[in-house]
Amino acid sequence: MTAAPEVWSIRRVLEWASQDFRERGLPSPRLEAELLLAHVLGVDRIRLILDAERPLAAAELGRMRALIQRRRAREPVAYLLGRREFWGLDFEVDGRVLVPRPDTEALVEEALERTRDRSLHGRLLDLCTGSGCVAIAFAHERPTWAITGADASADALEVARRNALRLGAVWGVRWLRGDLWEALGAGERFELVTANPPYVPSAEVDQLEPDVRAWEPRLALDGGSDGLVLVRRIAAGARERLTPGGTLALELHHDQAERAEGLLRGAGFVEVRRRRDFAGHERVVSGRRA
Ligand code: GLN
């Protein structure tokens, strides 16, 4: 979209950008072009259709061009927009945190289902909290619970804190920096522990989509040699942090459910079960402390 004689209308920019994205093999070329342009113009996508003939100002065109270039380098759309919806909430995200994925809503569903009998009072510890999406989604559904999000990354916690402020989940929410349980006080216990830990086997990280491997924090992805290093540590340590009858719920890679179930049983958990995500993968394993 360099020097061209015609006017760059919304319609024309969208056609051009989606064609460019299509040729580069991006997954949803038209949708991505619309999202980026709507972001540049500060409007809803519907407005792009209503105002299809509106010409873009030079500054708008310049900003759109910069976003197209970043997207060509496979920077995730969520980072370009600075947001991603999760659990119907609008999360702020950037390269300091993993982009919240729809798969992870299965973890929130499982956590809610497992705690239905104590909807009013309880304490949640969300390990590897990242953007805070699991902790904040849960807080949204169980506003009277005490919520703790922990992460090894101080950068990630800044994002989580901002999200909690923006999404009104401030009351009763606290953020701790540390390696898994490290930052907790002695004897602190929880009715529920959730985690979406890094679980991709180290050797597979470099085979993930370029959007993921080149842009998302490796710390949030790399689960060690078999991907289960953190899962093992969480299963082993959760017992002394859970109240009797308390629940542990973990998100996993698409092919880890059976091994993770074995790990939970081996660590003394009962009522161990698996839950599928919307794509049909056994994405979540949970159990109760006996
Ligand atoms: N589901 C993510 C992916 O495969 C990985 C998330 C994680 O390791 N927790 O891209």
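All of the numbers you see were taken from the coordinates with simple rules; none came from a lab. Fair warning: this is a prediction, and the values are worked out from it, not measured in the lab. For neighbour counting, all protein chains shown are included, and Cβ atoms are generated from backbone atoms with ideal geometry for every residue, glycine included.
With an 8 Å Cα cut-off and a minimum separation of 6 or more residues, compute the relative contact order for the range 1-99 in percent. 24 percent. Where only DSSP H runs of four or more residues are counted, the chain gives -11000 deg cm²/dmol as its mean residue ellipticity at 222 nm, each run worth -39500 (n - 2.57).
Within the range 183-290, which trypsin sites (Lys or Arg not before Pro) sit in a loop by DSSP and count at most 10 neighbouring Cβ atoms inside 10 Å? Walk me through the numbers before you get to the answer.
Details: sites: Arg189, Arg213, Arg218, Arg232, Arg233, Arg239, Arg241, Arg259, Arg265, Arg273, Arg274, Arg275, Arg276, Arg283, Arg288, Arg289; in loops: Arg189.
Sites meeting the loop and neighbour criteria: none at all.
Shown for Ser18, Ser28, Ser225: other C-beta atoms within 10 Å of each C-beta, ranked fewest to most, produce the order Ser225, Ser28, Ser18. Globularity index of the range 143-232 is 1.24 (Cα radius of gyration / 2.2 N^0.38 Å, N = number of residues).
Normalised by the residues of the chain, what does the relative contact order come to in percent, with Cα pairs under 8 Å and at least six apart? Show your work: numbers first, answer last.
On the way: 535 pairs, mean separation 42.1, N = 290.
Averaging sequence separation for qualifying contacts and normalising by length gives 15 percent for the chain.
Footprinting exposure proxy ranking of Tyr79, Tyr199, fewest other C-beta atoms within 10 angstrom first, gives Tyr79, Tyr199. Pairwise Cα distances in the range 209-290 exceed 16 Å for 54 percent of all pairs.
Distant-in-sequence amide contacts of Tyr199, defined by a placed amide H-H separation under 5 Å and a gap of 5 or more residues or a different chain, comprise Gly223.
In whole percents, the pair-distance distribution calculated for the chain from its alpha-carbon pairs, binned every 5 Å from zero, is 1, 6, 12, 15, 16, 14, 11, 8, 7, 5, 3, 2, 1, 0, 0.
If you average the sequence gap of Cα pairs under 8 Å that are 6 or more apart and divide by the length of the range 125-255, what percent do you get for the contact order? Walk me through the numbers before you get to the answer.
On the way: 221 pairs, mean separation 33.4, N = 131.
Relative CO of the range 125-255 lands at 25 percent.
Taking the number of Cβ atoms within 10 Å of each Cβ as an exposure proxy, the fewest-first ranking of His121, His140 is His121, His140.
Here's how it looks for Arg276: its modeled amide H is under 5 Å from those of Arg283, which are all 5 or more places away or on a different chain.
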